[in-house]
1. Kindly indicate which of A:193, A:202 is near DNA strand D (Cβ under 10 Å from one of its atoms), farther than 30 Å from residue A:12 by Cβ, loosely packed, with under 14 Cβ neighbours inside 10 Å and more than 10 Å from chain B (Cβ to nearest Cβ).
2. Among the numbered criteria (1) closer than 22 Å to residue B:77 by Cα; (2) more than 14 Å from chain B (Cβ to nearest Cβ), which single criterion is violated by residue A:125?
3. Looking only at the range A:101-120, decide whether some residue is closer than 23 Å to residue A:12 by Cα, at pLDDT below 90 and under 13 Å from the mean Cα position of the chain (by Cα).
4. Looking at B:181, B:162 in this structure, which one is within 11 Å of chain A (Cβ to nearest Cβ) and free of Cβ contacts under 8 Å to residues at least 12 places away in the same chain?
5. I'd like to check something: does the range A:185-208 contain any residue that is away from DNA strand C (no atom under 13 Å from the Cβ), modelled with pLDDT of 90 or more and outside the structural domain of residue A:52 (by TED's automatic domain parsing)?
6. Only residues that are touching a strand residue (DSSP E or B) at 6+ places or on another chain (Cβ under 6 Å) and either at positive phi or outside the structural domain of residue B:70 (by TED's automatic domain parsing) (or both): list them for the range B:93-111, please.
7. Can you spot a residue in the range A:77-94 that is within 18 Å of residue A:51 (Cβ to Cβ), under 22 Å from the mean Cα position of the chain (by Cα) and within 12 Å of chain B (Cβ to nearest Cβ)?
DNA sequence: TTCTGCCTCCCCCAAAATGGCGAGGTCACA
DNA sequence: TGTGACCTCGCCATTTTGGGGGAGGCAGAA
């Protein structure tokens, strides 16, 4: 069992493009004997990629109808940390039930487990296994395989992040200690004069730091600089 | 081995307060026969809790000196997804080297593996195993136990989130769609007038959104509001 | 040694953001 | 039939920021 997990992970690690990830989902589906395995990077802008075994018709329909914005699986996972069994979600609204009915018609399955994955800079992705079966069989599957699926989900996301970095590589700039301090105070809401007082330097000096940080971060203004410093993990607020 | 992982996880799951988590770290340290096991919730304000086997002296010193802001482990993990071996980090700056020397003097260990964990609303935590040993022994340890440690780290964070929800549930404010849009443009560096143009509304209306968002987020100014929106995962840049 | 990066301080002034006062409309929910 | 949340717009005065100029000292690296 452990060896099998290892080989499944290696399969993902060897992937060199999205097509390989796609193939890996198919292999996983067959190995676990479920209806579907899907990895899906959920971006604010709605782009980035996904790989999975859903039918093209369902994916197209999903995109076309912008289901991303009302899919209870996504909305639920955005607020949770632990893997989510679809049964735990809120299907009460009418829109949810219509969505569920349609999903089942498209062969998605009546049971599902979705693992939320979070990366740096607010990155967010989902890894889902779904199947057609009764509650008991599904509960056994989840109980036996959740841990392994979490590890595999992690591997998928690691690959996805690698692919992204390969594309637009972002060289993370280095801020000097005082620059970091200045950015931190600003991120905490202090004004220039307050931050200067806190750092026990003149406001002019503080300005020099802020401008230096702005330049290094390629930011257009202070707010932008703080946002970049935060999302690149240079500072913690 | 699998059964042991199960029992270690259950130990964490049964925890009903931070003291139990503390005890769990000690048990893990003894089980894996390493110098330290630490779970540490890194929060915006710098509070929240941690549980681990570091000496009280080191923890006090760490807090007193505000090492949080320059600890290469934290800064490195903030930008990574995968578990990080301390050797992979950037120890080049003078401050880093001083920090490392001091950490070793306090018995932290010369080897370490830190797993970054991210939860909803920008939550961020670290799970660390550290030891005194040579590179080879450490590499073997990491290779054999990383997967299990990832699962255990997940369990710790799950518990931590449960405790938080029970305690002072951080009321994550809900921003309206337009408010989110406004904050996103600001975080991208657009000025008010540019953002207003982008959203095809008057600059004044945009101001209303920004002020509403500021209030909801309890922020003192726009930069603060953007920083909070980002670190709570409300917006993604 | 020279050079580069970092830290510190000062001036002036234009541009932008903020804080306060208004106003009116839709839409859903109770 | 309110009530509240959301979206939209205007003006005024004050504060904060940003973009230019400068300056010197002190480290570590080439």
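1. Numbers: A:202 fails: near DNA strand D (Cβ under 10 Å from one of its atoms).
Result: A:193 is the single residue among A:193, A:202 that is near DNA strand D (Cβ under 10 Å from one of its atoms), farther than 30 Å from residue A:12 by Cβ, loosely packed, with under 14 Cβ neighbours inside 10 Å and more than 10 Å from chain B (Cβ to nearest Cβ).
2. (2)
3. Checked the range A:101-120: at least one residue is closer than 23 Å to residue A:12 by Cα, at pLDDT below 90 and under 13 Å from the mean Cα position of the chain (by Cα).
4. That would be B:162, the only listed residue that is within 11 Å of chain A (Cβ to nearest Cβ) and free of Cβ contacts under 8 Å to residues at least 12 places away in the same chain.
5. The answer is yes; a qualifying residue exists.
6. B:109
7. Looking for residues that are within 18 Å of residue A:51 (Cβ to Cβ), under 22 Å from the mean Cα position of the chain (by Cα) and within 12 Å of chain B (Cβ to nearest Cβ), one finds at least one in the range A:77-94, hence yes.
The rows are residues; the columns are (1) within 18 Å of residue A:236 (Cβ to Cβ); (2) over 31 Å from the mean Cα position of the chain (by Cα).
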site: A:187; (1), (2): yes, no
site: A:192; (1), (2): no, yes
site: A:203; (1), (2): no, yes
site: A:208; (1), (2): no, yes
site: A:211; (1), (2): no, yes
site: A:214; (1), (2): no, no
site: A:217; (1), (2): yes, no
site: A:220; (1), (2): no, no
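The values are calculated or read from the model by the stated rules, or taken from the named source; none is laboratory data. Since the model is a prediction, treat every value here as computed from it, not as a measurement. Cβ sites come from the backbone with ideal geometry, for glycine too, and all protein chains shown count toward neighbours.
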